[in-house]
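For reference, the structure is listed below as structure tokens.
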Amino acid sequence: MTPTDSAEGVASAERHAGTAEAAPLLRLGLADYLTLGNALCGFLAVWALVVAQTAHAAAGAVGPLPRTAMATVVGLLMVAAALDVLDGRVARKLGGSGMGAELDNLADVISFGFAPAFFFVVWAMQAGDAGLLPVAAGGAVLLAVIVRLARFSCQAPGTDYFTGLPCPFGAMAVVTVVLLDPPLLAGVAAVLLISWLMVSRMEYPKPRGRKAYAVLGVLGFGVALMAAWGMGLPAGQSLIYLMSAAVLGFIVTIPFYVLATRRSSSARG
């Protein structure tokens, strides 16, 4: 459901490679503005959550937040993921600045670490549990993203696979857990599994070329779906469940598919 080489600074490494200068260029380029847009979307998602939660409490309402608020938050995170895809492609075509890698990592911590972690904690609070267990699960998401980004910065670029679940994929997985609205313990277990996948040695293929545009198409469809769901259009809830289940199934099964494909290739060789 999300990104390509741009995720977690893949594209940022390519920006450095494409800017063969003795001193890095410290002026913002177009790709950097897209990265900043990614960070801004993450911030706006948190802001929208706080506003919705405050209004919900002021009205004396109980239970889940309104669909419009949930759809706004998820839509903003999908836009952040789309910008994370685009900044890498723009950097490869037009070049990037020496700040690209740092900006990309900082933006990803906000949009794919803090924002989804906060989203999960708010969901648990609205479900009637203000204990430490949901906070611990949300903290695990944030820490997993930070560790993953730091580890990725130390790895050599150019491979065909991500080691561990990419942060934007992880963020979308946390979002889908919230949208599925499972029992609290099941939600916590799912989020902890997602956090582990991000720092694991599981391999996920990098979408390249036309696959990158396919990812953008899926994200665009996801934003439209969230808008339809938020407005209460028919079949919106069923589509949300279907797409959420597909995302979680993809995240869990893809590493095993990659492993099986490699073993098959080795056997043929």
Practice task
Could you identify the single residue in Leu192, Leu184 that is open to solvent by 50 Å² or more (accessible area, probe 1.4 Å) and closer than 20 Å to Gly131 by Cα?
Solution key: Leu192
Handout entry: Only one of Ser195, Ser244, Ser238 that is more than 17 Å from the chain's Cα centre (by Cα) and either part of a helix (DSSP H, G or I) or under 19 Å from Val258 (Cα atoms) (or both)
Key = Ser238
Practice task
Output the residue which, of all residues in segment 26-50 that are over 22 Å from the mean Cα position of the chain (by Cα) and open to solvent by 60 Å² or more (accessible area, probe 1.4 Å), is modelled with the lowest pLDDT.
Solution key: Leu26
Practice task
Could you check segment 99-176 for helices (runs of 4 or more DSSP H) lying wholly inside it with 1 or more residues that are touching a Ser or Thr at 6+ places or on another chain (Cβ under 6 Å), surrounded by fewer than 24 Cβ atoms within 10 Å (Cβ to Cβ) and without any contact (Cβ under 8 Å) to a residue 60 or more places away in the chain?
Solution key: 132-153
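Let's see how each residue does on (1) surrounded by fewer than 19 Cβ atoms within 10 Å (Cβ to Cβ); (2) of a type in the set (Ser, Thr, Tyr); (3) closer than 20 Å to Cys167 by Cβ; (4) touching a residue at least 40 places away in the same chain (Cβ under 8 Å):
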residue	(1), (2), (3), (4)
Pro205	yes, no, yes, yes
Arg210	yes, no, no, no
Leu219	no, no, yes, yes
Trp229	no, no, no, yes
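The values are calculated or read from the model by the stated rules, or taken from the named source; none is laboratory data. The structure displayed is predicted, hence computed values, not measured ones. Please note: Cβ atoms are built from the backbone with ideal geometry, for glycine as well, and neighbour counts cover all protein chains shown. What goes into the accessible areas is simple: the full protein's heavy atoms, side chains included, and nothing from ligands, DNA or RNA. Shrake-Rupley method; radii C 1.70, N 1.55, O 1.52, S 1.80 Å.
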